[in-house]
Amino acid sequence: MELSGLWRLQQFEVGQVRPLEVAAAWLDDRFWITAKVPGDVHSALIERELIENPYFGHNDAKSRWIEQKEWWYRHSFHYSLGNANAEKEKHELTFEGLDTFATIYVNGKEIGTTSNMLMAHTFDVTRVIQDGKNSIAVKFDPLYLHNKDKELFQWSSYTKERPWLRKAAMNFGWDWGPRMVTVGIWGKVFIERYRRAKLDSVFARTRAIRDTQAEVQVDVDVTTLRKGVQKSCDIRLVDAAGQVVASAQGDVQASESFTLQVADPQLWWTHDLGKPYLYELEVVLYADGEQVDAYRKPFGIRTIELQVKDAEGQNAFAFVLNGVKLFAKGTNWIPADHFIGSIPDQRYRDLIDLSVSSNQNMLRVWAGGIYEKDVFYEECDKRGVLVWQDFAFANALFPDFNRDFMENVRSEVIYNIKRLRNYTSLALWCGNNEIDWLYDMKSAGGDINCPFYGEIIYHELIPDALEELDDSRAYWPSSPFGGNDANDPDVGDRHNWQVWHGSVYPRQFGDVPLLDYSIQGVTFKNYKKDFTLFSSEFGMHASANRYTLEKNIPNGQFYWNSVEMAYRNKDTNHQKGILLMEGYTGIPTNIEEYMNFSMLTQAEGLKYGIEHYRRNKHRTSGSLIWQLNDSWPGTSWSLIDYELLPKASFYYATKFYHPLLLSIDHEPGQDLNVWAVNDTLATLQGQVHVTVYNFAGEIVFTHAFDAAVEANSAIQLGSLPEASVLNGASAEEVVVRVHTTDWAAPDNLHYLRDQKDLQFPATSLSVNVDAESQAVQITANGAHARMVKLDLPQGNIRFSDNFFDLRAGEQVTVQISDPAGDKVDLSRLSVSAMNV
């Protein structure tokens, strides 16, 4: 019985009321406001117009008082016990998310407390639930009551108060979002009734795939509620057509293991390699011959390994899916909103749909948020997207010497392993974000001089729990991790923050960290120096789209360098973005140039780096951009802004993450090296053409390479001297197109000089809008058009392409759609280009 929906909500000063009075079953709460569950206090107050939207302007500062209050939720419901006493039924109340320090009362009786946002909490309410009307009250303490007397560690990024709190770290602010300390019931609430026995957990995984057969192991853990009960279970694997393809039966005591032999299995693949096929696993529990519990969930047959040594014994960091070594193409995922409890399921589906449409095959759930909601993993399972899962420890020291804290963490770890281990998409467990790496750098730099508090969590507690509870996928202690310096390019994974943050490399353990805030220090050209095994974090800022910014900035403040624009950027040292643009586009002089320059720099910079990584796929096995999404309407590293409007880099990603990539490796004055990358399992054969156009659209040079590209490989097709391809033209006035008609690789455009040095003539665009077919036809008249941009003042709409270049005379048709299926109003559509 789900108890979600509308509850009652009220605030009090700490100590203002006696808890047992407010929790009493008879309390008249009709004068309290209503609040949605799942949800949070902020969202309830916004909906009732009791606070202004914290995302607008500086309004977040106006809502800081919320974290200082005591908050109460109440709910009344009718419940039928039936013949529960005769059957000796057990009744359990579960909260899937309580944020964070809560005391729970049922019918005025205190049944327990919680101190962890990051896990569910279940209470036996058999002794207090009544036949008929019942009430639940939940009291939330302000956080300061529980950490005001706690030790402040030498290091905890962004705030000193969070290490003792098992709560989403980003609530306290990060370098891409504001402080927004939430409180409330953020997960579903439900009551379950059991008799005789119940399924405690089910764990299914693929043990082996051999020729035409797969072996699936299913572990069943059962709790017995009455002595002397005879228990058995039936296990079935059902295909998409509803046919049982494998089954097993047997008696169970506390724990039993069953093996299913599946003939001619259909395997689960990432969407770029095949179909993410899902069976349904059914486990039915019987007690004394009567069905008393059941488990039904999708299940994909697949094997996943983390390869840390290649066939030659050299270091590697590669995911191997069903025996196929992958190049992981993806991004880092942060919570889809600061108000985590109020995120609609559809927002998850939209974001994962966007990631798939940009050819991503992996998402990393970052450690400073939450273990994501089930809908996230369900969508990744369905859509064929692998998940790298961090445990929720980010950028701080944690009190691993404190017994109570460690027991809290242990419960969190065990709960989330059991909850997530059956998801087919889950590829890797990772202990923390950047803690091992930053502890060494901060120690070497003299910022801290204390033990590595928290080390036991990532190097003992978590791996011990995984050894017992999930032997089906790899564990990695931290990200980055490995080598002589946790960020060593020759061992493990790496975070490349030379670009943007100006980190100076190489370094080794104990070296004082250095930052180079200069054009050369932060430039994306540094990506080409990086021969990492796996790049799991890297990126650079770009503006949000115009609609997103204008919607959230007060009148008169939407201009370049305004205080409100600066407030959108939570990163340290805003000069980094200026330096990056100064080196590539030049410094913007107005808001339009800022939006265009920052977006173009991010897009071209990521293209530059990822094409380099993919050309080196014999060594580098993945790139996860920081970051996919935003949790509020700010300026950040995201590819998609808060209003679910993709930036230029997103549309570039559809091409630089395409399974078939043609690219040119070139620096000014040097040869043009032409490459083909094939991430598919088929061999490619044909011709690849290099055509050079001047900005008037005239062909300056052309050449064809014969190409044979093996499956899952990268190959250099040949080299062309820069002088030859220019054929007397100016490097500042041409564009190089690499293309083929023999396989489905997208065309790739390459400029021989940086944007600020290119000499684009003024051009014009012909735009023909067909509102009925929701299509826009665009033609470049007279001259090459740089970064053609379609803009509509509406959130979460889709363009089949955007932020693209058009050669002189070239014409494209862009389809526009609303993911909800509604017709898009095109009357306010604007189309521009940087040189129009």
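The values are calculated or read from the model by the stated rules, or taken from the named source; none is laboratory data. Here the structure is a predicted model, which is why all the values come from computation and not from measurement. Virtual Cβ from ideal backbone geometry, glycine too; neighbours counted across all protein chains shown.
So that you can scan it fast, the table gives a plain yes or no per residue for (1) at pLDDT below 95; (2) surrounded by 13 or more Cβ atoms within 10 Å (Cβ to Cβ); (3) hydroxyl-bearing (Ser, Thr, Tyr):
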{"residue": "Val688", "(1), (2), (3)": "no, yes, no"}
{"residue": "Tyr693", "(1), (2), (3)": "no, yes, yes"}
{"residue": "Val700", "(1), (2), (3)": "no, yes, no"}
{"residue": "Ala708", "(1), (2), (3)": "no, no, no"}
{"residue": "Asn712", "(1), (2), (3)": "no, yes, no"}
{"residue": "Gln716", "(1), (2), (3)": "no, no, no"}
{"residue": "Ser730", "(1), (2), (3)": "no, yes, yes"}
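Of the residues screened, Glu611 is one that is in contact with a strand residue (DSSP E or B) (Cβ under 7 Å, 6 or more places away or on another chain), acidic (Asp, Glu) and touching a residue at least 24 places away in the same chain (Cβ under 8 Å). Among residues of region 478-496 being part of a loop (DSSP other than H, G, I, E, B) and within 19 Å of the chain's Cα centre (by Cα), the one that is nearest to Ala396 (Cα to Cα) is Ser478.
Against the list (1) part of a strand (DSSP E or B); (2) in the same structural domain as Gly539 (by TED's automatic domain parsing); (3) free of Cβ contacts under 8 Å to residues at least 60 places away in the same chain, the condition Arg349 fails is (1).
Quick test of your reading of the structure: Glu312 fulfils all but one of (1) surrounded by 24 or more Cβ atoms within 10 Å (Cβ to Cβ); (2) outside the structural domain of Glu611 (by TED's automatic domain parsing). Name the failing condition by number. The single condition Glu312 does not satisfy is (1). Restricted to region 311-368, and to residues there that are at pLDDT 95 or above and acidic (Asp, Glu), the residue that is nearest to Ser156 (Cα to Cα) is Asp337. Residues in region 497-514 that are within 22 Å of the chain's Cα centre (by Cα) and either among the aliphatic types (A, V, I, L, M) or exposed (fewer than 15 other Cβ atoms within 10 Å of the Cβ) (or both): Val499 alone.
Identification of strands (runs of 3 or more DSSP E) wholly contained in region 225-301 with 1 or more residues that are in contact (Cβ under 8 Å) with a residue 24 or more places away in the chain, closer than 21 Å to Arg419 by Cβ and polar (S, T, N, Q) yields 255-263. The residue of region 515-537 that is farthest from Thr585 (Cα to Cα), among those that are under 26 Å from the mean Cα position of the chain (by Cα) and of a type in the set (Phe, Trp, Tyr), is Phe534.
Against the list (1) farther than 30 Å from Asp28 by Cβ; (2) in contact with a strand residue (DSSP E or B) (Cβ under 9 Å, 6 or more places away or on another chain); (3) surrounded by fewer than 19 Cβ atoms within 10 Å (Cβ to Cβ), the condition Ala168 fails is (3).
Quick check on region 315-344: of everything there that is farther than 30 Å from Arg619 by Cβ and not aliphatic (A, V, I, L, M), which residue is surrounded by the most Cβ atoms within 10 Å (Cβ to Cβ)? Applying the filter and picking the extreme gives His338. What are the residues in region 352-377 that are in a loop (DSSP other than H, G, I, E, B), of a type in the set (Ser, Thr, Tyr) and more than 12 Å from the chain's Cα centre (by Cα), if any? Across region 352-377, the qualifying residue is only Ser358.
Per the listing Ser631, Ser638, Ser623, the residue uniquely touching a helix residue (DSSP H, G or I) at 6+ places or on another chain (Cβ under 6 Å) and touching a residue at least 40 places away in the same chain (Cβ under 8 Å) is Ser623. Flag: Ile448 does not match the condition of being hydrophobic (A, V, I, L, M, F, W, C), part of a loop (DSSP other than H, G, I, E, B) and closer than 23 Å to Gly187 by Cβ. Here Lys382 passes the criteria (1) part of a helix (DSSP H, G or I); (2) in contact with a strand residue (DSSP E or B) (Cβ under 7 Å, 6 or more places away or on another chain); (3) surrounded by 20 or more Cβ atoms within 10 Å (Cβ to Cβ) except the one numbered (3).
Give the residues of region 561-586 that are of a type in the set (Val, Ile, Thr) and surrounded by 14 or more Cβ atoms within 10 Å (Cβ to Cβ), sorted by residue number. Result: Ile578, Thr585. Considering region 260-283, and only residues there that are within 34 Å of the chain's Cα centre (by Cα) and closer than 14 Å to Ser247 by Cβ, the residue that is surrounded by the fewest Cβ atoms within 10 Å (Cβ to Cβ) turns out to be Glu280. If you go through region 794-836 and keep only what is assigned to a loop (DSSP other than H, G, I, E, B), exposed (fewer than 14 other Cβ atoms within 10 Å of the Cβ) and of a type in the set (S, T, N, Q), you end up with just Ser827.
Here Ala648 clears all of (1) touching a helix residue (DSSP H, G or I) at 6+ places or on another chain (Cβ under 7 Å); (2) farther than 17 Å from Gly539 by Cα; (3) not hydroxyl-bearing (Ser, Thr, Tyr) except the condition numbered (2). If the condition is being under 16 Å from Phe695 (Cβ atoms) and more than 26 Å from the chain's Cα centre (by Cα), then region 798-812 contributes Asp805, Leu806, Arg807, Ala808, Gly809, Glu810.
Of all residues in region 762-780, those satisfying the criterion of being in contact with a Gly (Cβ under 8 Å, 6 or more places away or on another chain) and of a type outside the set (Gly, Ala, Ser) are Thr763, Thr779.
So, Gly112, is that one in a strand (DSSP E or B) and surrounded by fewer than 20 Cβ atoms within 10 Å (Cβ to Cβ) or not?
Yes.
Do you know which of the residues in region 430-482 that are of a type in the set (A, V, I, L, M) and within 30 Å of Ile301 (Cβ to Cβ) is surrounded by the most Cβ atoms within 10 Å (Cβ to Cβ)? Ranking the qualifying residues of region 430-482, first place goes to Ile462.
Between Val738, Val725, Val734, Val812, which is farther than 18 Å from Thr702 by Cβ, outside the structural domain of Glu593 (by TED's automatic domain parsing), of a type in the set (A, V, I, L, M) and in contact with a strand residue (DSSP E or B) (Cβ under 6 Å, 6 or more places away or on another chain)?
After applying the criteria, what remains is Val812.
Look at (1) more than 30 Å from Leu644 (Cα to Cα); (2) outside any loop (DSSP other than H, G, I, E, B); (3) of a type in the set (Gly, Ala, Ser) and you find that Ala780 fails only one, number (1).
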